[in-house]
Amino acid sequence: MDQHQPITIENIKGLWSRDPTLGSVPQDHLSVSTNVDFFGSFPIVRMPFSTKYTFDLGSGVVPIRIFHFSYFDSQASVLYNQYLISTTDGDLYMYDVSDGSIGLIYSALAGYDYDFSMWGNRCYIAVSYYGYCGNAVDYPLQIWNGVSIRDAGGNAPTANFVNTASGTGVVQAGNHFYGICFETDTGFITPPGLTATPTTALVTNGSQSVSLTSIPTGDSTVVARWVVATKTIPSVIPSSFLYSYQIFFLQRIGDNTTTSATLNYYDSQLLNDASYLLDIYNGTGAAPIPGGSSLCVYHNRLVITAPSIDHVSDVLYSRINDPETFDSVQGIQTIDVQSEVATDVITTGFVDSQVFRDTLYLTKLFSTYGTSDTGQEPAFWPVNVIDSSYGSYRHGIADTAHAGESVDYLLIANNSGLFLFTGYFNRPEVSWKVQLTWQINLDLNLRQAYTSLHNDTFRKKIYFNSRTASGAQVGTYMCDYNDVPSDFSGYRDLVRWSLWNFVATFSAFCLVYDADGVHYLAGNNTEISQLLNVGDSINGIPIESGITMTFRTAEFRGSDEGMLHVNKVRLRVSNSSNPSSSITTSQINVYGTEGQPIAQLPNLTFGLNSGNSIIEPTILTNLLSQRLSFEIIITDQNPTLVIQKLILFAKETYRTLPYQYK
């Protein structure tokens with residue numbers, strides 16, 4: 001009578017990598033998990049990527065970021081559906097879905113990284129050094145509008161104008177200074193031109209108007225001009241000029257062609273203070289708007305972190321509803337300069353930023369800060385140290401599929417792991433199960449690397465990708481949290497991890513939300529592909545082929561030093577609802593004590609029909625070892641293969657290790 005009893009391995013809870021010894025892996029986890037996804041409680045071969053768009057960036061070009069620029073221009077009835085793709089060479093390309101074209105739109109030095117932030121009908125783009133903070137070269141903040149890219153802000157007028165007191169009017173008697181400002185097509189108003197402003201005051205007698213002639217015009221981005229003026233000055237300060245006084249908006253000239261204007265006003269009409277223009281970054285001239293390491297929007301202000309290599313602990317804030325106007329005095333916070341290391345300033349400044357529960361969180365590699373809008377200018381907002389040990393990687397705060405999505409937590413990746421953040425770093429880490437692998441693969445070299453973290457809240461998947469500074473892939477982690485409650489309670493034990501690799505050597509990733517739903521996209525130098533979802537039809541579309549799933553069970557052992565004998569191994573597999581059939585090959589390797597290989601079982605080749613067919617191929621074995629673990633390698637031509645169970649038929653042969661095995 002056969003005394004072998006079934007040992008059933010099911011309800012697999014993903015990869016376990018906390019200790020280098022295989023014996024530490026729980027029975028319901030895997031010691032190796034490659035290209036494994038989860039369908040309910042079952043492991044499956046991850047779904048393939050399907051080619052979505054093709055292009056050619058050239059041999060050796062390595063994309064590192066993909067950003068989806070989508071905007072509908074209702075006036076022109078034009079849908080902009082584009083992808084901005086940055087590379088390790090420091091170049092930025094635009095792929096246009098409408099016509100399949102791709103072109104270079106911006107170039108920085110090799111090793112420069114990009115960050116993107118949508119604002120209405122345009123995208124602001126920051127350029128920063130080596131995947132982290134600050135600009136070793138001063139690349140200004142950029143604007144992409146779907147057609148062209150240019151420096152944010154704009155240059156002030158340089159050509160002088162003429163002001164005279166003439167005609168009948170009510171301009172108050174005394175001394176007056178005037179200036180001209182440009183208004184761009186994005187609403188930015190430049191400072192009054194310093195060299196285009198009369199250096200002596202215009203004197204009026206109280207019964208005159210003021211005539212302006214030779215009013216300067218701007219480039220193609222200028223849509224209007226503003227006249228600014230001081231109130232009447234009884235006595236002029238020696239050597240003073242327009243910039244020496246408080247100034248006010250007086251009159252808007254609503255075009256870029258008119259070169260003359262007549263001013264007739266009372267001082268009491270000068271109500272709209274324009275003095276802030278004297279302290280702002282103005283564009284591509286002497287004070288360009290800097291790029292920085294990260295961009296975000298907080299209380300209708302555009303936020304730039306680490307704006308330059310000399311100011312990596314600074315945070316810049318635009319004026320409210322004015323994303324290109326940054327006050328160089330009251331719009332800056334300088335936070336914890338003491339944490340900077342003089343010889344390592346690039347990696348000790350701010351690297352990321354995110355708004356959560358009405359607080360703006362700012363991260364360095366090893367520290368996190370929070371600040372809140374008090375209604376004052378940003379320079380006066382209080383700053384709290386949230387954590388002096390944990391920060392984030394660059395792009396280490398997870399994005400979701402679209403900005404309007406509401407999630408009551410953040411996910412933050414750093415050298416210590418992946419953390420749930422709810423105003424503080426929750427412990428243990430979300431990556432608690434895979435801490436050993438995380439810390440081996442994602443060491444301090446990633447301070448100068450390219451990382452991306454995406455949270456698909458619809459399918460409850462987290463994707464973390466990392467590459468070295470040269471573009472070589474370090475690893476892609478997939479975390480399934482379908483079993484985790486909405487409040488994330490019990491996440492440590494309920495998340496399921498796997499490492500993924502790609503046949504097409506993808507290097508850049510993003511989440512996209514469009515009319516077809518949420519998609520996880522991956523790209524390289526020739527394509528952007530879309531990860532298919534379970535249930536998607538794969539008939540007639542180009543898909544990634546040759547995906548190899550590998551998973552290795554925990555070790556099974558007898559009591560104390562006993563020996564196990566296994567005489568049968570049975571694999572229960574099924575097809576999901578995808579209407580497709582396939583021939584699938586499964587290789588099973590067997591490992592003994594200390595992970596030593598002891599056998600390779602005969603390959604299993606089986607076919608699955610459409611629908612939910614189930615088969616249970618069985619292999620007869622004669623395995624004897626103190627400890628046994630099983631590695632299943634499946635090269636699956638049907639990505640809907642579901643592994644329901646692995647069943648071992650075993651009995652304990654000896655309760656102590658026999659002499660010949662000692």
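The values are calculated or read from the model by the stated rules, or taken from the named source; none is laboratory data. These numbers come from a predicted model, not from an experiment. As a convention, Cβ positions derive from the backbone with ideal geometry for all residues, glycine included, and neighbour counts pool all protein chains shown. What goes into the accessible areas is simple: the full protein's heavy atoms, side chains included, and nothing from ligands, DNA or RNA. Shrake-Rupley method; radii C 1.70, N 1.55, O 1.52, S 1.80 Å.
Which one of these is modelled with pLDDT under 75, under 26 Å from PHE39 (Cβ atoms), open to solvent by 50 Å² or more (accessible area, probe 1.4 Å) and in contact with a strand residue (DSSP E or B) (Cβ under 9 Å, 6 or more places away or on another chain): ASN612, ASN575?
Residue meeting the stated conditions: ASN612.
Taken together, THR325, THR257 contain a single residue that is open to solvent by 20 Å² or more (accessible area, probe 1.4 Å) and at pLDDT 90 or above, which is THR257. Just one residue in the set ASP113, ASP73 is in contact with a Phe, Trp or Tyr (Cβ under 8 Å, 6 or more places away or on another chain), touching a residue at least 24 places away in the same chain (Cβ under 8 Å), closer than 26 Å to ASN465 by Cβ and among the acidic types (Asp, Glu); that residue is ASP113. For segment 32-56, the candidate set comprises residues that are farther than 22 Å from ILE633 by Cβ and not polar (S, T, N, Q); within that set, the residue that is modelled with the lowest pLDDT is GLY40. Selection of segment 188-216 for residues being within 49 Å of the chain's Cα centre (by Cα), in a loop (DSSP other than H, G, I, E, B) and crowded, with 17+ Cβ neighbours inside 10 Å yields PHE188, THR190, PRO191, PRO192, GLY193, LEU194, ALA196, THR197, ILE215, PRO216.
Checked against the criterion of being of a type outside the set (D, E, K, R) and either surrounded by 20 or more Cβ atoms within 10 Å (Cβ to Cβ) or under 30 Å from PHE551 (Cβ atoms) (or both), the candidates PHE72, PHE55, PHE38 yield just one match: PHE38. From the list VAL162, VAL137, VAL97, which one is open to solvent by 30 Å² or more (accessible area, probe 1.4 Å), within 18 Å of PRO307 (Cβ to Cβ) and free of Cβ contacts under 8 Å to residues at least 60 places away in the same chain? When all the criteria are applied, what remains is VAL137.
Here LEU531 qualifies as in contact with a Leu (Cβ under 8 Å, 6 or more places away or on another chain), at pLDDT 90 or above and farther than 30 Å from PRO20 by Cα. The numbered conditions (1) at pLDDT 75 or above; (2) under 41 Å from the mean Cα position of the chain (by Cα) are all true for PHE556 except (2).
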